[in-house]
Amino acid sequence: MSENGPVLPPEVYRRRRIVAVIALLAIILLLVAGVTSMIGMINGKKDATVASTATPSGAPFQSFSARPTETASATPSTSATASATSATASATASASATASVTPSVTASAAPTASVTTPAPVPSVTTAAAVAACTANDLKVTVTPAKHTFAAGEQVSFHVTYTNSSKTPCAVGGEGTNTGVDLNITSGAARVYTRSLCAATTLPKADVAAGSEGATDLAWDRKINVLGCSSASNAQKGSYWATATVNGVTSTQVNFVIQ
């Protein structure tokens, strides 16, 4: 026996050491288990936080559940849904892109539409009325059928009117100085004026530039300057004749009646 107490057999000390080691291991295991549990709790809280944060964005899929008897096809269906969703998103993006492009295309196309020249519409052109012939257009000539007319022979004249201008003009028709008149004088004395006792109307006609028209007139040898009802026969002798067309008078020409 020692001063510190009785001396125990070596087996006792060995068992004590084993028990101490086991107790130490148990403590270590408890510590490890506690630490692991704490880490798990911390991770669980993080997962719950992440899940609660992700729930709004994943709301459209909360009602989705795989069919119990078709578990194997659920995953492809989900993939297909994801693909369809992706395709829909792509189509929506394409449509949005198209919609955003359309205004610029329309805007650029609008000027082109305004520049387009419409097909010409045929217009009906009304021919301008031909102006009446004047002294600047006409040249009038009177020619007796013969120079000397025998007693009782009808005295006649051939009247021509030529358009000497470069544009057409009209003779005749209604209005003053539009007909054909015949004037006969003897020296300075007036003998006969056709328009005093007979109509001098000439049908309206266009005379082309450089063209001529003609008409024939006759004198019944009457002196009508004193009135149509009191007209007397002209005496034989030398007379002068002029013709007027549209107010344009010819040069006088001489003839003789017997």
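The values are calculated or read from the model by the stated rules, or taken from the named source; none is laboratory data. Quick caveat: nothing in here was measured; it's all calculated off a predicted structure. All Cβ positions, even for glycine, are placed from backbone atoms using ideal geometry, and neighbour counts span all protein chains on display. Protein only, heavy atoms only, side chains kept; ligands, DNA and RNA dropped before computing areas. Shrake-Rupley method; radii C 1.70, N 1.55, O 1.52, S 1.80 Å.
In the stretch 204-224, which residue that is among the hydrophobic types (A, V, I, L, M, F, W, C) and assigned to a strand (DSSP E or B) is surrounded by the most Cβ atoms within 10 Å (Cβ to Cβ)?
Taking the stretch 204-224 as the starting set, the residues that turn out to be among the hydrophobic types (A, V, I, L, M, F, W, C) are 205, 207-209, 214, 217-219, 223.
Filter once more, so that each one left must be assigned to a strand (DSSP E or B): 205, 207, 214, 217-219, 223.
Working: Ala205: 11, Val207: 23, Ala214: 11, Leu217: 18, Ala218: 12, Trp219: 21, Ile223: 18.
Residue satisfying both the conditions and the ranking: Val207.
Is it fair to say Asp181 is outside any loop (DSSP other than H, G, I, E, B), open to solvent by 50 Å² or more (accessible area, probe 1.4 Å), in contact (Cβ under 8 Å) with a residue 24 or more places away in the chain and among the acidic types (Asp, Glu)? Break it down stepwise before answering.
Details: outside any loop (DSSP other than H, G, I, E, B): yes; open to solvent by 50 Å² or more (accessible area, probe 1.4 Å): no; in contact (Cβ under 8 Å) with a residue 24 or more places away in the chain: yes; among the acidic types (Asp, Glu): yes.
Answer is no for this residue.
Of everything in the stretch 133-150, what is modelled with pLDDT under 95 and of a type outside the set (A, V, I, L, M)? Give them in sequence order.
Within the stretch 133-150, Cys133, Thr134, Asn136, Asp137 meet the criteria.
For (1) at pLDDT 95 or above; (2) closer than 20 Å to Gln258 by Cβ; (3) surrounded by fewer than 17 Cβ atoms within 10 Å (Cβ to Cβ), each residue gets a yes or a no:
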site	(1), (2), (3)
Val124	no, no, yes
Ala131	no, no, yes
Gly152	no, yes, yes
Gly172	no, no, no
Arg194	no, no, no
Leu202	no, no, no
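Can you name every residue in the stretch 176-224 that is at positive phi and among the basic types (Lys, Arg)? Reasoning before the result, please.
Here is the first cut: in the stretch 176-224, the residues at positive phi are 177, 187, 210, 221.
Hit for the stretch 176-224 is Arg221, nothing else.
For the stretch 154-175, which positions are touching a residue at least 60 places away in the same chain (Cβ under 8 Å) and either charged (D, E, K, R) or on the phi > 0 side of the Ramachandran plot (or both)?
Answer for the stretch 154-175, where residues must be touching a residue at least 60 places away in the same chain (Cβ under 8 Å) and either charged (D, E, K, R) or on the phi > 0 side of the Ramachandran plot (or both): just Gly172.
What is the number of the single condition among (1) open to solvent by less than 60 Å² (accessible area, probe 1.4 Å); (2) touching a residue at least 24 places away in the same chain (Cβ under 8 Å); (3) on the phi > 0 side of the Ramachandran plot that Gly227 does not meet?
(2)
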